[in-house]
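Visitor: Have a look at this one.
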Amino acid sequence: MGEKYKNEIVDRYRKRISRSGPTFESLASGSKKHQEIRFNILKNVGILSGKKILDIGCGIGDFYKFLESYGVKVEYTGVDIVPEFIEECNRRFQKPFFEVRDILEKPFASKSFDIVVCSQV
């Protein structure tokens, strides 16, 4: 992704964050009900305890929170290009790893994860 386009995306989210903080509303990804439907689909297509999960565009870490609420224990890594979202993730959660990272510029090594999810990106 070009730097100009990436900056436009980050700026769009920063404007939303300035209005409502680093919250579900700032993600602008539909309703909580639709989020739960998406997360259930992802959980039911093979995300089992013990797997290494990469969540690209993790936002504020809601997918990790969802898995945790269902007792699904995973080795979770969340990445996003919006620093404020990652700051919020690190504030909310102690255990998983969250990082500001453009996956296209700095990919992970092959076979680093069992499952990669990218929902509402």
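The values are calculated or read from the model by the stated rules, or taken from the named source; none is laboratory data. What you see is a predicted model; the values in this text were computed from it and never measured. Don't worry about glycine lacking a Cβ; one is built from the backbone with ideal geometry, like all the others, and counts go over all protein chains shown. For the accessible areas, the whole protein counts, side chains as well, though only heavy atoms, and no ligand, DNA or RNA atoms are used. Shrake-Rupley method; radii C 1.70, N 1.55, O 1.52, S 1.80 Å.
Visitor: Could you tell me the calculated FRET efficiency between K15 and I37, based on Cβ-Cβ distance and R0 = 35 angstrom, to the nearest 0.05?
Guide: Efficiency, rounded to the nearest 0.05: 0.80.
Visitor: Suppose all protein chains stay in the model; what accessible area per residue would a 1.4 Å probe give for the chain, in Å²?
Guide: Normalised by residue count, the accessible surface of the chain is 59 Å².
Visitor: Here is a follow-up. Any idea what the relative contact order of segment 1-84 is, in percent, if you count C-alpha pairs under 8 Å spaced at least 6 apart?
Guide: Values: 68 pairs, mean separation 26.1, N = 84.
About 31 percent, as a whole number.
Visitor: For the pair Y70 and A28, what calculated FRET efficiency results from E = 1/(1 + (r/R0)^6), where r is the Cβ-Cβ distance and R0 = 30 Å, to the nearest 0.05? List each step's numbers first, then the result.
Guide: Values: r = 25 Å, r/R0 = 0.83.
About 0.75, to the nearest 0.05.
Visitor: Using the Karplus equation 6.51 cos²θ - 1.76 cosθ + 1.60 (θ = phi - 60°), what ³J(HN,Hα) coupling, rounded to whole Hz, does each residue of segment 114-120 give in order, writing x for Gly and Pro?
Guide: So the Karplus estimates, Gly and Pro as x, are 7, 9, 10, 10, 8, 10, 6 Hz.
Visitor: What lysines does K51 reach when the alpha-carbon gap must be under 25 Å and sequence neighbours fewer than 8 apart in one chain are set aside?
Guide: Candidates past the 8-residue exclusion: K43, K65, K73, K95, K106, K111.
Visitor: Specify whether the C-alpha gyration tensor of the chain places it in the rounded, prolate or oblate class, a ≥ b ≥ c being the square roots of the eigenvalues: rounded for a/c under 1.5, otherwise prolate if a/b is larger than b/c and oblate if not.
Guide: oblate
Visitor: Here's a follow-up. Could you sort the peptides 54-67, 25-38, 99-112, 78-91 by per-residue average Cβ neighbour count (10 Å cutoff), highest mean leading?
Guide: On the way: 54-67: 22.1, 25-38: 13.7, 99-112: 11.4, 78-91: 20.4.
The peptides rank, most packed first, as 54-67, 78-91, 25-38, 99-112.
Visitor: Dipole magnitude of the chain about its Cα centre, charges +1 at Lys/Arg Cβ and -1 at Asp/Glu Cβ only, in debye to the nearest 20? Intermediate values should be presented prior to the final figure.
Guide: Numbers: 21 positive and 17 negative charges, 51 e Å.
That gives a dipole near 240 debye.
Visitor: Tell me, what % of the accessible area of the chain is carbon and sulfur with a 1.4 angstrom probe? Mind dumping the intermediate values first?
Guide: Details: 3760 of 7160 Å².
Here it works out to 53 percent.
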